[in-house]
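No lab work stands behind these numbers, since they all come straight from the coordinates. Remember, predicted model here, so these are calculated numbers, not experimental data. Note: ideal-geometry Cβ built from the backbone for every residue, glycine included; neighbour counts use all protein chains shown.
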Amino acid sequence: MKAKSIVYSVLLVIAMCSAVLAQTEITLVGITNVTEDSVLAGGQSHVISLRYDLSGAPIDRNYLTANGWKIYSPDGADWLYVQGEALPAFSSLDWDHLYVSHFDKPGGSGSFGLPLANGGGNASGGDTVGVLLAGINSDPGGGLPGGFVDMVFNIEISSRREDAGLHICIDTCRQVPGGSWEWAQADGLIEPDWSGAVCWVVSCCAGHVGDVNGVGGDDPTIGDISALIDFLFLGGDTPDCLDEADVNLSGTLVNPPLDWSDVTISDASVLIDHLFIDKPELADCP
Ligand SMILES: [Ca+2]
Ligand SMILES: [Ca+2]
Ligand SMILES: [Ca+2]
């Protein structure tokens, strides 16, 4: 089973809220290229899927929403891009206005016209994807109907191998500073439940082991064997990713913790066997 095919599902809502709150939820239902141990494969793109559940809201009402999600790192990880996409079940509703904006770190810009709390406007190293939908005042029948339950939004981020060991997190981020997530109706507000920041640790290893030189994707080539031989015997550069270079997993299975003494001619032998002799499958990243 390759790590890149794993969709790590997490249900974040803890059934400790009141019945009403428990049925007006924002839920993170999945992220791609993350293992069951919350290890995020660096150098990959990751799609974070979000769901709204208004099954506990009055069904004779319609709601608007103007909120966002903050992507940030508490320890200095970076990413190549962040982008958001409203899904058809959400965007095809009868909205008066639909905006999906990406607020670049750290200053932020976009169409909302207000700074984002704890997000692109004022957080170090944060990127915010906002979604603004309106559908109440000018069209009482529009907007998000009470009882709505569906996938609404995908956020895609692109991680970096060089951030191995650092963390990437997501949290909600309301448009108005100091505010909280709300769905608004003409005569009041409902606060949905969200259980707080969710974080993943970045790994330099993606899929299976063996990409010693960090180029050419997950399937090794003779260039990866050359990089390993150069490092071991010819004074060549140290490979970027120890986990990819320890092809036989000797460091993690036999002699933890892993270090560069675990990268030996035996690892090169496994790569040569994989490419040219018996062609066994390579091990998944540890
Ligand atoms: Ca390679
Ligand atoms: Ca790999
Ligand atoms: Ca090894």
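So if we plug the beta-carbon distance of residue 229 and residue 47 into 1/(1 + (r/R0)^6) with R0 = 41 Å, what FRET efficiency do we get, rounded to 0.05? According to the calculation, E is roughly 0.65.
Its Cα centre serving as origin, the stretch 132-286 has a Cβ charge dipole (Lys and Arg +1, Asp and Glu -1) of approximately 360 debye.
Under the definition of Cα pairs under 8 Å and six or more residues apart, what whole-number percent is the relative contact order of the stretch 208-286?
Across the stretch 208-286, relative contact order equals 34 percent.
Using Cα pairs under 8 angstrom and six or more residues apart, how large is the relative contact order of the stretch 196-236, in percent?
25 percent.
Each of 98, 64 was scored by other Cβ atoms within 10 Å of its Cβ. Listed from fewest to most, they are 98, 64. Which residues in the stretch 212-226 have a backbone N closer than 19 Å to a point placed 7 Å from the Cα of residue 253 along the Cα-to-Cβ line? Of the residues in the stretch 212-226, 212, 220 have backbone N under 19 Å from the label point off residue 253. Ordering 234-240, 201-207 by mean Cβ neighbour count within 10 Å, with the highest value first, yields 201-207, 234-240. Put a dot 7 Å past the Cα of residue 91, heading toward its Cβ, do the same for residue 199, and the two dots end up 3.3 nm apart. Across the stretch 208-286, Cα-Cα distances exceeding 14 Å account for 55% of all pairs. Relative to one another, the C-alpha centroids of the stretch 39-65 and the stretch 221-261 are positioned 41 Å apart. Extension gain, residue 162 to residue 276, is 38.1 nm, computed as 0.36 nm per intervening residue step minus the present C-alpha separation.
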